[in-house]
1. Any chance you could get the radius of gyration and Dmax over the Cα atoms of segment 102-191, in Å?
2. Which value results for Rg/Rh of segment 1-127 when Rg is the Cα radius of gyration and Rh the Kirkwood radius based on the inverse mean 1/r?
3. Please work out whether segment 128-179 counts as rounded, prolate or oblate from its C-alpha gyration tensor, where a ≥ b ≥ c are the square roots of the eigenvalues and a/c under 1.5 means rounded, while otherwise a/b larger than b/c means prolate and anything else oblate?
4. Compute the distance in nm between two label points, each set 7 Å from the Cα along the Cα-to-Cβ direction, one at ASP24 and one at GLU81.
5. With respect to the cross-link table entries LYS143/LYS188; LYS14/LYS56; LYS25/LYS68, which display a Cα-Cα separation exceeding 27 Å?
6. Check cross-link reach from LYS92 to the aspartates and glutamates: straight Cα distance under 12 Å, and skip same-chain residues fewer than eight apart.
7. Counting only helical runs of four or more DSSP H residues, what would the 222 nm mean residue ellipticity of the chain come to if each run contributes -39,500 (n - 2.57) and the total is spread over all its residues?
8. Ordered by residue, what ³J(HN,Hα) values in Hz, to whole numbers, does segment 148-155 give under the Karplus form 6.51 cos²θ - 1.76 cosθ + 1.60, where θ = phi - 60° and Gly and Pro are x?
Amino acid sequence: SISKYARAVRMLLKGMSVSDLTPDKVRNIMAGTVNLKANTRRGYADSLRRLFDYLKRPDLAECLPRIKTEISDRPVWDRYEMQEIIMSVSTKSAARTEQYRQYFGMMAAIGCRQSECYQLRWQDLDQDTGVVHFRAETTKARKERFCPLPTELWAELEVRRGKPEESLWPDIGRDQATRYEALAYAIKKAG
């Protein structure tokens, strides 16, 4: 996230005044990050570039390296593999298992982030239009978004509809790590 890199830039520039920076000092700072992942180094360079652009120091911005990011070699699952993973989710409670399956199913169906999905309330689902409303305060970009939801998922959710202000997912883990753990176990179980 931008804030993560902004904190890192503060750490990289710790004890230095921007007015005292020279292109050689900036190159030395970036040379100290050479052992980090390319994506992380690119985040640092981009954050420094934004700072230097804001401070109108093009001489410093120009000496920052252009870093190519790594292309992930992780496999991409097709819809059948995703369905198999989702159906492999299991917990001690049948109701909780069903909510986890619906939760991961919604993420897979409409491509939302796990935190955006977790923060949904019943009032965010418009039954008349079949659309899910992601409120600006819950999205990463801080912009509201509307996504259609498949009808079969609507039918599953309607069985347990709650009050408008209530969470869609009252029985699944509040902690993000708990939700990832459930998904990781399902991926392993699905092979």
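The values are calculated or read from the model by the stated rules, or taken from the named source; none is laboratory data. This is a predicted model, so every value here is computed, not measured. Here Cβ is always computed from backbone atoms with ideal geometry, including for glycine, and neighbour counts include all displayed protein chains. Heads up: the accessible areas ignore ligands, DNA and RNA and are worked out on the full protein's heavy atoms, side chains in. Shrake-Rupley method; radii C 1.70, N 1.55, O 1.52, S 1.80 Å.
1. Just the Cα atoms of segment 102-191 yield Rg and Dmax of 13.2, 39 Å.
2. We get a ratio of 1.19 for segment 1-127.
3. oblate
4. Placing both labels 7 Å along Cα→Cβ, they lie 5.2 nm apart.
5. Over 27 Å apart, Cα to Cα: LYS143/LYS188.
6. Within the straight-line cut-off, LYS92 pairs with ASP171.
7. -15000 deg cm²/dmol
8. x, 10, x, 4, 5, 6, 4, 4
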